[in-house]
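Laboratory data are not the source of any read-out in this text; all were calculated from the coordinates shown. All figures in this text were calculated on a predicted structure; none of them were measured in a lab. Don't worry about glycine lacking a Cβ; one is built from the backbone with ideal geometry, like all the others, and counts go over all protein chains shown.
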Amino acid sequence: MKESLDYFFNPSSVAVIGATTRTGPGVFNPVDILLDKGYRGKIYPVNPKAQDILGVKSYPSVSDIPGPVDLALISTGRTLIPELVRQCVKSGVRGIIVISQGFADADSKGKELQVELMNAIAGTGVRMLGPNTLGLVNNFDSFITSFIHFNTMLAPVGVICQSGMFLTAHDEIFNGCGYAADIGNAADLGFIDIMEYYRRKDSIKVINLHMEGIRGGKAFLELSRAVTLEKPVIVYKTGRTEEGSRAVGSHSGSLAGEDHVYAAAFRQAGIIRAESIDELRDFNKSLIKFNQVPGNRVAVVTVTGGGGIAVLDAIQSCGLVPALLKPETVAEIGKLLPDWMGVSNPVDFWPAAMIYGFDEVYPQILNHVLSDPGVDILVCVINAYYPPGEKNTVNFNFIIEAAREHPDKLVAVWTLGAAKRYWTQFLEEQGQVVAYDSPERLARALGALYNYHHHIRTRKYDEVIKAGPPAPLTIDIKGMSGAAPGDKAMEILAGAGIPVVKDIFARNLEEAANASAELGYPVALKVVSPQVLHKTEAGGVRLDIRDAQGLKNAYLSMLEEVQEKSPGASIQGVLVQRYLSGGIELILGSKMDAEFGPVLVFGTGGIYTEIMRDVAFRIAPVSPAEALEMIGETRAGRLLQGVRGQEKADLNALVKAITCLSDLVTNNPEISEVDINPLLATSKGVVALDGRVIFGVGS
């Protein structure tokens, strides 16, 4: 029995609504391409002014087609399309692809028309791809919905993109594909629907996403976490810069959020992020060719010592390490080298080749290295000056043979020279070998491969916590809006389980003096005003006040400075806190994202937060393990381990504070922003010295 997306990717019949009667280059006729690519189903051109198109009988409307229609392709003026969609629904069409542009990707009228399209299919069970799309590719069954010709190449790859470029150039960008879908404006079908479809297809080994923006970020994150345990998912995210984000809006009508939010979502979901088109190609061919990698220890065999060193330099920033050859391996290789030459990694066998000949030495070196139990990955550096069979001084077939004899190891090649493309194709077609154009590309691809097989697919999905019951807050936050006053913000944090410094709210100098006496000097003063959110910048903070006279001076000068820098601000009073020193100042916070929900931030805090920009992000909720990962990604995390004689901070207490904040913002979506800065970390625990809680519209 067909599922809904089978009617898109493998339809038995296709209606081409708006098919042109013209043929030939530059005509953009989908009927021409369906015939040219060998589509085996029924084609029904729809054009009221034509009797037939390219020898195929044409019909005035979709309702005149005598047989059932699985899929309709619509390419007409945008104002006609809502009615055509309604006709398709009434005629029993199962799926619709709206090729035309000018909807949410355009003006206000286009946005209204896109809503009309969605209303036309609402509740009918009919699904729609687009508008603003080139449609689909199914290279398994020679089915393409595009209106332009392009090369096709079959590979076990599924592609979901928001630009037709990635569909038409799939042979170059992804080394081919099995299925590809350009979701365009994603008015109906989008990343989630199609990724779930690819997940169920055994013929798809790797899933690729070209993403400009996404709707339904939470659902996408949930699905991706499950899919990446089964198949690798690679994403190429565009619209990362401010200029790129603006272009995204004009291109597809997508919601382009902040890039660090997407980066956090990809990391948590186990999605591999490609930073370039080159990486897309390299990552795909690596993940397709190798379904496992034993470890991250790399040995290099080369005839150029400099090239070998370049490889070792490149791998160490990608999660890979140089292999340490066993003494037995060193001894065997040493028998082939001159006495004066030591054996190490990289293995430079040029002198041995000059003495005994490449054909004699090369296979022995490869076998010795691949037989070493301390080697997981072999990298060969080859000088590809001539195409295969022409004037070659080295028989690179030995690399293919060595890979076949050691299927438990991974063999990669860095090819350099004028004929490198010939040799890359030869090696990859003939054996279990992947070739790369540079040591850096090789290192990033093999690092991604290792990370997927040893970290991403081995993680336990149930380690990701779900939102639990609401934290037992000691303050009723229902109905709150805007910024909570300082004392209330600290009370909310304390109620969520985050330790806060002891403080007392004072409305005037006399109350501040009484509070200071009760807390004991030294104390800190912080202004309380709904208009003053960044207290330090507004002059609303005084620290390390040691006596009553100092308190009076600090109080008066602080209010004067705040009034000068924030004229018109309503000053409700001050917060008197016990002044704490020492430890490491951190920032911990959260901000609501329109698609992914609350996003947590952790990093270096205090007055240097904006300057250092030493932060890590995660989508809430987070598990303790994810909280620990956040800490480890920052320079602050290294300081917390203790440096230059300082005590280690209490990481357990910090992890708990992060997960408590995660629970707070997850279970209380009316909280739009939380800022704890500084959060002081010491060997005895953590404590929030200042906090801000902002409420938005509840959801």
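Loop-located trypsin sites (Lys or Arg not before Pro) across the range 618-699 with a Cβ neighbour count of 13 or fewer within 10 Å are Arg644, Lys648, Lys684, with loop assigned by DSSP.
When you count the other C-beta atoms within 10 angstrom of each residue and take the mean per peptide, 301-307, 186-192 line up highest first as 186-192, 301-307. For Gly573, nonlocal amide neighbours, meaning residues 5 or more places apart or on other chains whose placed amide H falls under 5 Å from its own, are Val528. Each Cα pair under 8 Å and six or more residues apart adds its separation to the average, and for the chain the resulting relative contact order is 8 percent.
Would you list, by chain and number, the lysines whose Cα falls below 24 Å from the Cα of Lys285, excluding same-chain residues fewer than 8 positions away? List returned: Lys201, Lys205, Lys231, Lys237, Lys409, Lys420. To the nearest 0.05, what FRET efficiency results for Arg40 and Ile277 with a Förster distance of 30 Å applied to their C-beta separation? Once the sixth-power term is evaluated, E becomes 0.35. Taking the chain, how much of its Cα-Cα pair set, in percent, is spaced more than 34 angstrom apart? The answer is 59 percent, as a whole percent. The 3J(HN,Hα) values that the Karplus relation (6.51, -1.76, 1.60; θ = phi - 60°) gives for the range 31-46 are, in residue order, 4, 4, 6, 4, 5, 5, 7, x, 4, 9, x, 7, 10, 10, x, 10 Hz. Gly and Pro appear as x. In terms of the mean number of neighbouring beta-carbon atoms within 10 Å, the peptides 282-291, 94-103 order highest first as 94-103, 282-291. Remark: the range 293-306, residue by residue, has Karplus-estimated 3J(HN,Hα) of 9, x, x, 10, 8, 10, 10, 10, 10, 8, 9, 10, x, x Hz, where x stands for each Gly or Pro and the curve is 6.51 cos²θ - 1.76 cosθ + 1.60 at θ = phi - 60°.
Karplus-derived 3J(HN,Hα) values for the range 678-690, using 6.51 cos²θ - 1.76 cosθ + 1.60 with θ = phi - 60°, are x, 9, 8, 10, 9, 5, 9, x, 10, 8, 7, 8, 7 Hz; glycine and proline are entered as x. In this structure, the amide hydrogen of Tyr44, modeled 1.01 Å from its nitrogen in the peptide plane, lies closer than 5 angstrom to those of Val14, Ala15, Val16, counting only residues at least 5 positions away or on a different chain.
The distance between label points at Glu564 and Tyr385 comes to 7.6 nm (points 7 Å beyond Cα on the Cα→Cβ vector).
Net charge dipole, the chain: roughly 960 debye, given to the nearest 20, about the Cα centre with Cβ charges of +1 for Lys and Arg and -1 for Asp and Glu. Amide H contacts under 5 Å for Ile160: Ala181, Asn208, Leu209, His210, restricted to partners 5 or more places along the chain or on a different chain, H placed in the peptide plane at 1.01 Å from N. The simple spin-label model puts a point 7 Å past each Cα toward its Cβ; for Asn553 and Gln292 those points are separated by 7.3 nm. Here is the list for the range 330-435: chymotrypsin sites (Phe, Trp or Tyr not before Pro) lying in DSSP coil, each with at most 11 other C-beta atoms within 10 angstrom of its C-beta, are Trp340. Counting 0.36 nm for each residue step from Lys478 to Asp52 and taking away their Cα separation leaves a gain of 146.7 nm. Counting 0.36 nm for each residue step from Ser108 to Met153 and taking away their Cα separation leaves a gain of 12.3 nm.
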